[in-house]
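Asks: Below is the structure I would like to discuss, written out as structure tokens.
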Amino acid sequence: MKKKGAKTSIEKALDLIETLKEKDNLGVTELSGILGLNKNNVFRILATLEVKGVIEQDRETGHYKLGMKLLSLEYAYIKNLPFLKKAKPLMRNLRNRTQESVYLSILHKDSVVYIHSEETKRSVLVNSRIGRRFPAEKTASGRAILKGKKEKGFFIEEDIEGAEPEVSEIATVIRDDTGQPIASISIIAPSVRFQKEDRGYLEKLLLETGEKITEEIEKL
């Protein structure tokens, strides 16, 4: 019989996956210490996940990282988010009008994850944030979603080189049919170019797009 409070094998495996998402390339000893499990238990979980392609082992260091199968599962989840299909054409339109990269992101625990982008066609652009996690409070996108839980309507949040050096971001919230924030849309650009832009114009277009995506979601 399972002891009260004891974790199942599935829960242990999910904890291990979450750990590797936060700290990639860890060895068995490190995982054992973080998870509070004995090494034999960790070995068994790793072996099962490796067979399924969820994690991969670096043959030189013996350390483990997330595998391509997990990435494909995440992509399948993101691709099937109902509101993403509605958002894409409006994001492309915003990218074309501003000539800057446009991102869609969602909140996961205390982090914000960038899940889709329409990249600028300009020669100078920032490193892609797709699939990357940042502390929500450090980004304009994260703060927009958090603020949207407390306040109604649409507004602009900004981040000037707080999340990344030489990179600036402005963001607004996207809401579902109940008015709850479910994502954020943002414009991200090199700070040097961002400073020369017509900020009022960018913010106006961004707010309009956030509202339009929300209106489309309400029709789902």
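All of the numbers you see were taken from the coordinates with simple rules; none came from a lab. This structure is a prediction, so every number in the text was calculated from the model and none was measured. Neighbour counts are summed over all protein chains in view; Cβ atoms, including those assigned to glycine, are modelled from backbone coordinates with ideal geometry.
Asks: Which GluC sites (Glu not before Pro) in region 1-109 pass both tests, a DSSP loop state and at most 16 other beta-carbon atoms within 10 Å? Could you put the intermediate results ahead of the total?
Replies: Details: sites: GLU11, GLU18, GLU22, GLU30, GLU50, GLU56, GLU60, GLU74, GLU100; in loops: GLU60, GLU100.
Those that pass, being in a loop and sparsely packed, are GLU60.
Asks: By count of other Cβ within 10 Å, fewest leading, how are THR98, THR172, THR19, THR61 ordered? Walk me through the intermediate numbers first.
Replies: Details: THR98 19, THR172 28, THR19 16, THR61 10.
The fewest-first ordering by Cβ neighbours comes to THR61, THR19, THR98, THR172.
Asks: If you don't mind, there's one more thing I want to ask. Grab the DSSP H runs of the chain that are 4 residues or longer, score each as -39,500 (n - 2.57), total them, divide by all residues and round the 222 nm result to the nearest 500 deg cm²/dmol. Write out the running numbers ahead of the final one.
Replies: On the way: 8 runs with 99 residues, N = 220.
Per the formula, -14000 deg cm²/dmol.
Asks: Here is a follow-up. Provide the net charge surrounding ASN38, with neighbours chosen by a C-beta distance below 12 Å and charges set as Lys +1, Arg +1, Asp -1, Glu -1.
Replies: Working: positive: LYS12, LYS39, ARG44; negative: none.
Spelling it out: positives minus negatives among the neighbours equals +3.
Asks: Something else: Residues with beta-carbon under 14 Å from that of ASN80, excluding ASN80: net charge, scoring Lys, Arg +1 and Asp, Glu -1? Walk me through the numbers on the way to the answer.
Replies: Values: positive: LYS79, LYS85, LYS86, LYS88; negative: GLU74.
Net of charged neighbours comes to +3.
Asks: Still on this structure, please answer the following. Given H placed 1.01 Å from N in the peptide plane, which residues other than close sequence neighbours of ILE182 have an amide H under 5 Å from its amide H?
Replies: ILE174, ARG175, ASP176
Asks: Tell me the relative contact order for region 86-208 as a rounded percent, counting alpha carbon contacts under 8 Å between residues six or more apart.
Replies: Working: 248 pairs, mean separation 28.9, N = 123.
Value for region 86-208: 23 percent.
Asks: Name the most mobile residue of ILE182, ILE17, ILE34, meaning the one with the largest mean-square fluctuation, in a Gaussian network model of the chain with Cα contacts below 10 Å.
Replies: ILE34
Asks: Further question on the same structure: Based only on other Cβ atoms within 10 Å, what is the fewest-to-most ordering of PHE134, PHE155? Walk me through the numbers on the way to the answer.
Replies: On the way: PHE134 19, PHE155 15.
Going from sparsest to densest Cβ surroundings: PHE155, PHE134.
Asks: Then there is this: Take the residue pairs LYS86/LYS150; LYS21/LYS52; LYS21/LYS86; LYS109/LYS147 and return only those whose Cα atoms are more than 22 Å apart.
Replies: Over 22 Å apart, Cα to Cα: LYS86/LYS150; LYS21/LYS86.
Asks: Just to be sure I follow the definition: excluding the sites themselves, where is the longest run in the chain that has none of the trypsin sites (Lys or Arg not before Pro) in a DSSP loop with at most 13 other Cβ atoms within 10 Å?
Replies: Numbers: sites that count: LYS2, LYS3, LYS4, LYS23, LYS52, ARG59, LYS109, LYS121, ARG122, LYS152, LYS196, LYS219.
Answer - 60-108.
Asks: Moving to a separate point now. What is the local net charge at HIS116, summed over the other residues whose Cβ is closer than 11 Å to its Cβ (Lys, Arg +1; Asp, Glu -1)? List each step's numbers first, then the result.
Replies: On the way: positive: LYS79, LYS85, LYS88, ARG92, ARG129; negative: GLU118, GLU119.
That works out to +3.
Asks: On to the next question. Mind checking the angle between helix 9-22 and the chain's longest principal axis? C-alpha axes, 0 to 90 degrees, to the nearest 10.
Replies: Once rounded, one gets 50 degrees.
Asks: Compute the long axis of helix 39-51 from its Cα atoms, compare it with the longest principal axis of the Cα atoms of the chain, and write down the angle in degrees, 0 to 90, nearest 10.
Replies: Tilt of helix 39-51: around 60 degrees.
Asks: Name the lysines eligible as straight-distance cross-link partners of LYS121: C-alpha to C-alpha under 20 Å, and not fewer than 8 places from it in the same chain.
Replies: By straight Cα distance, LYS121 reaches LYS88, LYS196.
Asks: Now, a different point. With just the Cα atoms defining each centre, how far is region 58-102 from region 189-217? Give it in Å.
Replies: Going from one Cα centre to the other spans 21 Å.
Asks: Now, a different point. Give me the aspartates and glutamates in straight-line cross-link reach of LYS138: C-alpha distance below 12 Å, same-chain residues under 8 apart excluded.
Replies: Correct list for LYS138: ASP110, GLU157, GLU158, ASP159, GLU161, GLU164, GLU169.
Asks: Against the longest alpha carbon principal axis of the chain, how many degrees, from 0 to 90 and to the nearest 10, is the axis of helix 82-98 turned?
Replies: Tilt of helix 82-98: around 50 degrees.
Asks: Cut-off 10 angstrom, C-alpha nodes, Gaussian network model of the chain. Which of SER141, SER191, SER168 fluctuates the most?
Replies: Of SER141, SER191, SER168, the Gaussian network model singles out SER191 as fluctuating most.
Asks: From the Cα gyration tensor of the chain, with a ≥ b ≥ c the square roots of its eigenvalues, which class applies: rounded if a/c is under 1.5, or else prolate if a/b is larger than b/c, or else oblate?
Replies: Numbers: a/c = 2.39, a/b = 1.87, b/c = 1.28.
Here the chain falls in the prolate category.
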